[in-house]
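Written out below as structure tokens is the structure these notes cover.
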Amino acid sequence: MAWFKKKPTDLERLAGLVDEVRETAIGRFAKHGLAARVQEGTSGLDTVLVVGDSRIYPLYYLTTHLMSGDLSDVEQYVSAHVDGLVDADNAPDVRALSDADWLELVRVRLVPEYVAHGVQARYAQQTVGELVVVICVDYPTHLSYVSDAALGGRDPLALAALGLASVMDEPVPPAVEIDPGIWLIDDESPYTATKALGMASLVGGVLPAAPQGVLFGLPHRHALLAAPVGPEVVQTVKTMMSLIIGSAVDSAPGGPLSTSLYYWHEGDFERVGFVADDGGVHIVAAGRFGEVLSSLGD
């Protein structure tokens, strides 16, 4: 019966989605100190917002994308979209950057997929579980995500490689063992979680050696939780999921990043734990991680 009860709720949300997107967007612009209003003569899916005196933002793409997605994250998705628009308006035009500027300023960030959609970065590919890598420009006062249009014909893979190299060149603070076998890297850098992409350089350095691989979590952008896989892996999984879920909260710096648990081994990433829509925690004992579990159980 629960399955049948869900449909009317979704249909009701869908019917009011246009209004929800419009009001959420107007409210989010207001938080940035910008007055937004509906352009005269527009409504429904064709609603266009006028921000300030002249900036025009159609809501068609945003609304239709949400119609085919998960209706539970409308506010988060719209807010991220508006934030991206405001950042893009306020930042210098990245298309005017010289090659030398790109070399100095390019970085990457691991972000949820909805952030990439919000800044129109279709080049972003899933890399770590459900997270994607977005290229950004690290200005002295803020960072700005790079859209498809802002690439200016540059190779996103080459830029991402340069950006990751710069992220990994940043100093990494010592990891702290917060629970037996579980280590935390906590730093003010907004790229702390992104350093998981360079896990090979962390293991055996700021993190202990991990011949069987590493379980890790990225609850928010300033934190990386990691645990080398060992004989107590089952308990480690339980403790890690509890720590990740408890840290990936709205009040976290920059907001939550992910409640998932990941596994790294010799350059490969797997998503091995996540919170399902029903609130239950699911562990995936497949792939390389499944093989390691089997070997430790023998």
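A few comments on the model shown:
- When the stretch 94-169 is described by a simple charge dipole with +1 on each Lys and Arg Cβ and -1 on each Asp and Glu Cβ, the residue from W102, S144, A121 located farthest towards its positive end is A121.
- Most mobile of I244, I26, I178 in a GNM of the chain (Cα contacts under 10 Å): I178
- Among beta bridges from DSSP that stay inside the stretch 176-297, the antiparallel ones total about 95%.
- Neighbourhood net charge (13 Å Cβ-Cβ; Lys/Arg +1, Asp/Glu -1) for L103: -3
- Per-peptide packing, taken as the mean over residues of other Cβ atoms within 10 Å, places 167-175, 132-140, 191-199 in the sequence 191-199, 132-140, 167-175 from highest down.
Quick note: the coordinates plus some simple rules give every number you see, no bench work behind them. Bear in mind that the values here come from a model prediction, so they are computed numbers and not experimental data. Cβ: placed from backbone, ideal geometry, glycine included. Neighbour counts: every protein chain shown.
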